[in-house]
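Student: Quick one: structure below, then a few questions.
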Amino acid sequence: MELNLNKPLIFFDIESTGVNVGQDKIIEICLYKVFPDGKKEIRTYRINPERHIPEETTKIHGISDEDVKDKPTFKQLAGELNAFIGNADLAGYNSNKFDVPLLVEEFLKADIDFDISNRRFVDVMNIFHKMESRTLKAAYKFYCGKELINAHSAEADTSATYEILLSQLDRYNGVEYEDREGNKSVPVVNDIKALHDFTKNSKWVDMVGHIVMNDKEQECINFGKYKGRAVEEIFQTDPSYFSWMMNAEFPLSTKKIITEIKLRGFNKK
């Protein structure tokens, strides 16, 4: 089966210094670009994070400070990466929660406002977890009948993710899904918009879920003492909270969202 595409789709995977989107850095990225005509292009980069890679992280992906000391920084590669990605949609494994937010964060730190407004995001893990619930290695064995060699290398994980999605499209062709509210649908189809809608975190406003949308379509804080309260209301009653968030170690993409909400509140006055 070939993917039904009307523009390129990039499968990608990131290895990083850690799992904190606001603080950690990319040290390896693989981009597997699939074009509507079926052509494929793959690029893999090692990146100098300009900081120490913790030993416990190196044990997971095998990349040490020595491996990246002479590699370019993300800022040095940002223009090339942005040009290669172009207007492509993005797909990955657990990508909506980690890889996409970290990629956006790195672009923002490199002074590139990476546009996500017209992109679709397909998270293969969310299809897997909603339909079967397991890990990447188990998913590859389950869907493709093969053992995943070199797990936690960006290229191996990216290629496996691509194969898994193709297998998922075959396996779940015509298969009904029932959500928590009892709504039934057949969501796993060979259409990137449908896969985007099925795998996205629908209530998240920012990239990491610090800001979420409530049932009244209001952006709300999703952590701490103000959890569940409308962001705009909090900024009016406690103006210092905006300053605290802007100075704290939140991702730049989150700070961009709350700044837009803050400015919107000013314009209403």
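Student: Return yes or no: is residue 53 without any contact (Cβ under 8 Å) to a residue 60 or more places away in the chain and not small (Gly, Ala, Ser)?
Tutor: Taking the combined requirement at face value, the residue satisfies it.
Student: Any residue at all in region 218-228 that is among the aliphatic types (A, V, I, L, M) and surrounded by fewer than 17 Cβ atoms within 10 Å (Cβ to Cβ)?
Tutor: Looking only at region 218-228, we keep the residues that are among the aliphatic types (A, V, I, L, M), and these are 221.
Now drop any that are not surrounded by fewer than 17 Cβ atoms within 10 Å (Cβ to Cβ), which leaves none.
No, because not a single residue in region 218-228 is among the aliphatic types (A, V, I, L, M) and surrounded by fewer than 17 Cβ atoms within 10 Å (Cβ to Cβ).
Student: Would you be able to say whether some residue in region 190-203 is surrounded by fewer than 19 Cβ atoms within 10 Å (Cβ to Cβ), more than 24 Å from residue 114 (Cβ to Cβ) and touching a strand residue (DSSP E or B) at 6+ places or on another chain (Cβ under 7 Å)?
Tutor: no
Student: Which ranges mark the helices (runs of 4 or more DSSP H) fully within region 1-88 that have 3 or more residues being within 17 Å of the chain's Cα centre (by Cα)?
Tutor: It comes to 74-85.
Student: Could you say which residue among 128, 84 is surrounded by fewer than 21 Cβ atoms within 10 Å (Cβ to Cβ), more than 22 Å from residue 22 (Cα to Cα), assigned by TED's automatic domain parsing to the domain that holds residue 190 and touching a residue at least 24 places away in the same chain (Cβ under 8 Å)?
Tutor: Within the list 128, 84, the selection yields 84.
The rows are residues; the columns are (1) touching a Phe, Trp or Tyr at 6+ places or on another chain (Cβ under 8 Å); (2) closer than 23 Å to residue 250 by Cβ.
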position	(1), (2)
51	no, yes
63	no, no
87	no, no
108	yes, yes
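The values are calculated or read from the model by the stated rules, or taken from the named source; none is laboratory data. Note that the coordinates shown come from a computational prediction; the quantities given were computed from them, not determined experimentally. Glycine also receives a Cβ, built like all others from the backbone with ideal geometry; neighbour counts cover every protein chain displayed.
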